[in-house]
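Reading through the structure tokens given below for one structure.
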Amino acid sequence: MTVRRLDSETVERIAAGEVVTRPASVVKELVENSLDAGAGSVTVEVDGDGTERLKVADDGHGMSEADAELAVDHHTTSKLSGSDDIERVSTLGFRGEALPSVAAVATLDVTTNDGGPRGTRVLVEDGETTTSPAGRATGTTVEVRELFHNRPARRKSLSNTEFGRISDVVSRYALVRPDVRFRLRHDGRDVFSTPGSGSYTDAVLGVYDRTVAGQSTTFDHEAAVEIDGDEHSLTVEGLLVYPSVTRSRRDHVHAAVNGRVVGNAGLKRAVVSGYGTLLPSGRDPIAVVSVSLSPALVDANVHPSKDEVAFADGDAVESAVEEAVHEALTTADLRQSGEVAMDLETTLERVDGDSLFDEVTVIGQFRELYLLCEADDDLLVVDQHAAHERINYERLRAALADSPVDSALVDPAETVSLSPAEAAVAADERETLARLGFEFSTFGGGTYRVTGLPAPLGRVADVSAFRDAVDALRAGDDPEDARDELLKDLACHPSLKAGDTLDGETAADLLGRLGECERPFACPHGRPTVLSIDEETFATGFGRGGTRLG
Ligand code: ADP
Ligand code: MG
């Protein structure tokens, strides 16, 4: 198909909005173009934060000279023929806006060859387009230089984690398109690569590491969904990492619809629901889940940067995803084993002050999960795990208010593999991480030696806290928020787990200490710690018509 100008009717139907907001959005558009061109190999090279220079090269079908010249104009595309096509696009691009939008804020240098004896170079610099012959094998290279040179405010607003975002974009496509060979280079060094073998496990090995890839299962599920009275087939495939390896954030649930990486929260939620109770509370899985269905049931034109799609029937798609994940996981025994040993004594030491629960008596424990307590006319049910998290969180916060966190030596050092995006944050935030008690050095190739772990109040964090802290710093825009997230996650690690029997004294300490907290009624992640059942409920249930017992 050749590049054509879209008619004005189609242009009006296109979800408008700024496409190029940061280096990572440029990379996303260029990678999507490479995939649309049927590339079997995509190489992304980035200098610094991506504003100086970034380059995407592919071995796709390339462009003729005439197409290349037209492609850098507004609303020119080879991907739509009639205006109805927009309702059922099967390509990633369709608006013809990416290349001209990049050219408006940068120098755009396109070299391409559609298989002829020689290729074409189209250079757009300061609004001037020049075309010349160029040597190149079949495929396309797009180089973008001096991004946002004419948008100083935009350039200033970029954070020091831009490369992390770029690496995220490339990682996600590498994961959902294991049939394509991806390579990411930063400042002349290889960051990661995938072999393009078609195996999800190989792609995960390239993007993550051996631990993650080694504890996973691939799956392929077919479902029939009924939408508007018609039956449609849908496939869900990908890879699920066993719940023995988890993350503190949902960023590691990678979802795609018809080959497009999407952020749809509902889809990610469906994946997490599919794991169900296998996941420890407050933890999220690592998973790659790719959904394919008729393009007529998907609207990709709902979001300016196409980060989300709309479904004709989102519920049906989500249930199919949940079912696929659940089914794939029930075949294996995935229960987490070997929780961290706990030192309850220190954490439950009372600080001076009155406890809200001084007048409350613990009368028992139910299923090694809940404390049953008598409080005047009420029966209180305390989730012991959530309560302990709340206590730890407030202790950590108080301890860290005015000093750096103590660090405990880890000997022998533990090694941790970080994804490229995580590694970029670890490097940028070394000082913050040190203040939080993490000491580490790099081995190269994404492997880190962790030599010191936070040991607030004498409790050494689990080494997985390192990755969680990096993730928290990566997600939190405000460093204070990131720190708070870290504390919440740290508070969670050494806490009481379901299935811990508490003796009477420890149970009373836990309750007393909870009552000293500033916010005793919710765990740091916002779930309730205490439920209260009043006597009336029993009276009604036992048919005593509201009269007092006794
Ligand atoms: P869209 O992807 O929405 O069509 P773009 O501005 O991203 O719009 O690209 C315009 C056109 O340029 C595309 O429709 C395609 O024909 C051509 N093109 C862009 N990048 C490539 C590439 N890497 N390989 C082949 N053709 C490309
Ligand atoms: Mg495009």
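Tally up the residues in the stretch 58-67 that are more than 24 Å from Val169 (Cα to Cα), among the small types (Gly, Ala, Ser) and open to solvent by less than 50 Å² (accessible area, probe 1.4 Å), please.
Here is the first cut: in the stretch 58-67, the ones more than 24 Å from Val169 (Cα to Cα) are 63-67.
Next cut, among the small types (Gly, Ala, Ser) only: 64, 66.
With the extra rule that they be open to solvent by less than 50 Å² (accessible area, probe 1.4 Å), the set shrinks to 64.
Final tally of qualifying residues: 1.
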- Item | Residue that is modelled with the lowest pLDDT, among those in the stretch 6-38 that are away from ligand 2 (no atom under 13 Å from the Cβ) and farther than 21 Å from Arg88 by Cβ | Gly17
- Just give me the residues in the stretch 369-393 being at pLDDT 85 or above and of a type in the set (D, E, K, R), in sequence order. Glu374, Asp383, Glu389, Arg390
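Can you tell me which residue is nearest to the chain's Cα centre (by Cα) among those in the stretch 166-203 that are in a helix (DSSP H, G or I) and among the β-branched types (Val, Ile, Thr)?
We begin by selecting, within the stretch 166-203, every residue in a helix (DSSP H, G or I); these are 166-176, 200-203.
Add one more test, that the residue is among the β-branched types (Val, Ile, Thr), and what stays is 166, 169-170, 176, 201.
On the way: Ile166: 13, Val169: 11, Val170: 13, Val176: 14, Thr201: 18 Å.
Filtering first and then ranking leaves Val169.
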- Item | Selected residue (criterion: nearest to ligand 2 (Cβ to nearest atom)) from residues of the stretch 91-138 that are within 30 Å of Leu293 (Cα to Cα) and in a loop (DSSP other than H, G, I, E, B) | Gly93
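Within the stretch 80-97, how many residues turn out to be hydroxyl-bearing (Ser, Thr, Tyr) and within 9 Å of ligand 1 (Cβ to nearest atom)? Spell out the reasoning first.
Looking only at the stretch 80-97, we keep the residues that are hydroxyl-bearing (Ser, Thr, Tyr), and these are 81, 83, 90-91.
Filter again for within 9 Å of ligand 1 (Cβ to nearest atom), leaving 91.
Selection size over the stretch 80-97: 1.
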- Quick one: how many residues across the stretch 76-85 are outside any loop (DSSP other than H, G, I, E, B) and either buried (at least 21 other Cβ atoms within 10 Å of the Cβ) or within 14 Å of ligand 2 (Cβ to nearest atom) (or both)? 2
- Query: Does Lys55 meet the test of being open to solvent by 40 Å² or more (accessible area, probe 1.4 Å), within 14 Å of ligand 2 (Cβ to nearest atom) and under 25 Å from Arg172 (Cα atoms)?
  - Reply: no
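From the residues in the stretch 415-429 that are under 23 Å from Tyr173 (Cα atoms) and not in a helix (DSSP H, G or I), which one is farthest from the chain's Cα centre (by Cα)?
Step by step, filter the stretch 415-429, then rank; the result is Ser417.
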- Output the number of the condition that Thr77 fails; it satisfies all remaining conditions of (1) more than 10 Å from ligand 1 (Cβ to nearest atom); (2) over 20 Å from Gly115 (Cβ atoms). (1)
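Conditions tested, residue by residue: (1) farther than 24 Å from Ala256 by Cα; (2) open to solvent by 30 Å² or more (accessible area, probe 1.4 Å); (3) within 7 Å of ligand 1 (Cβ to nearest atom).
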position	(1), (2), (3)
Arg5	yes, yes, no
Glu18	no, yes, no
Val26	no, no, no
Ser34	no, no, yes
Ser41	no, no, no
Glu45	no, yes, no
Glu69	yes, yes, no
Leu99	no, no, yes
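Tell me whether the stretch 146-165 contains one or more residues that are outside the structural domain of Ala475 (by TED's automatic domain parsing), in contact with a Gly (Cβ under 9 Å, 6 or more places away or on another chain), closer than 16 Å to Leu418 by Cα and away from ligand 2 (no atom under 16 Å from the Cβ). Write out each step before concluding.
Step one: filter the stretch 146-165 for residues outside the structural domain of Ala475 (by TED's automatic domain parsing), giving 146-165.
Now restrict to residues that are in contact with a Gly (Cβ under 9 Å, 6 or more places away or on another chain): 147, 158, 162-163, 165.
From the residues that got through so far, the ones that are closer than 16 Å to Leu418 by Cα too are 163, 165.
Still in the running and away from ligand 2 (no atom under 16 Å from the Cβ): 163, 165.
Scanning the stretch 146-165 turns up at least one residue that is outside the structural domain of Ala475 (by TED's automatic domain parsing), in contact with a Gly (Cβ under 9 Å, 6 or more places away or on another chain), closer than 16 Å to Leu418 by Cα and away from ligand 2 (no atom under 16 Å from the Cβ).
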- Message: Could you check the stretch 500-536 and list, in sequence order, the residues that are in contact (Cβ under 8 Å) with a residue 24 or more places away in the chain and among the aromatic types (Phe, Trp, Tyr)?
- Response: none
- Query: Between a first residue in the stretch 372-385 that is without any contact (Cβ under 8 Å) to a residue 40 or more places away in the chain and a second residue that is open to solvent by 20 Å² or more (accessible area, probe 1.4 Å) and among the acidic types (Asp, Glu), which pairs have beta carbons less than 9 Å apart while being 6 or more apart in sequence or on different chains?
  - Reply: Asp376/Glu359; Asp376/Glu535
- Item | Filtered residues of the stretch 238-276 (kept if at positive phi and open to solvent by less than 30 Å² (accessible area, probe 1.4 Å)) | Gly238, Gly259
- Residue hits (the stretch 199-237; among the acidic types (Asp, Glu) and open to solvent by 20 Å² or more (accessible area, probe 1.4 Å)) are Asp202, Asp220, Glu222, Glu226, Asp228, Asp230, Glu231, Glu237
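Could you run through the stretch 500-529 and say how many residues are assigned to a helix (DSSP H, G or I) and either acidic (Asp, Glu) or within 36 Å of the chain's Cα centre (by Cα) (or both)? Before the answer, list the steps.
From the stretch 500-529, those assigned to a helix (DSSP H, G or I) are 504-515; that's our starting set.
Subsequent filtering for residues that are either acidic (Asp, Glu) or within 36 Å of the chain's Cα centre (by Cα) (or both) retains 505, 509-511, 513-515.
Counting residues in the stretch 500-529 that are assigned to a helix (DSSP H, G or I) and either acidic (Asp, Glu) or within 36 Å of the chain's Cα centre (by Cα) (or both) gives 7.
The values are calculated or read from the model by the stated rules, or taken from the named source; none is laboratory data. Note that the structure is a prediction, hence the values are computed from the model and not measured. Here Cβ is always computed from backbone atoms with ideal geometry, including for glycine, and neighbour counts include all displayed protein chains. With ligands, DNA and RNA removed, areas are computed over all heavy atoms of the protein, side chains included. Shrake-Rupley method; radii C 1.70, N 1.55, O 1.52, S 1.80 Å.
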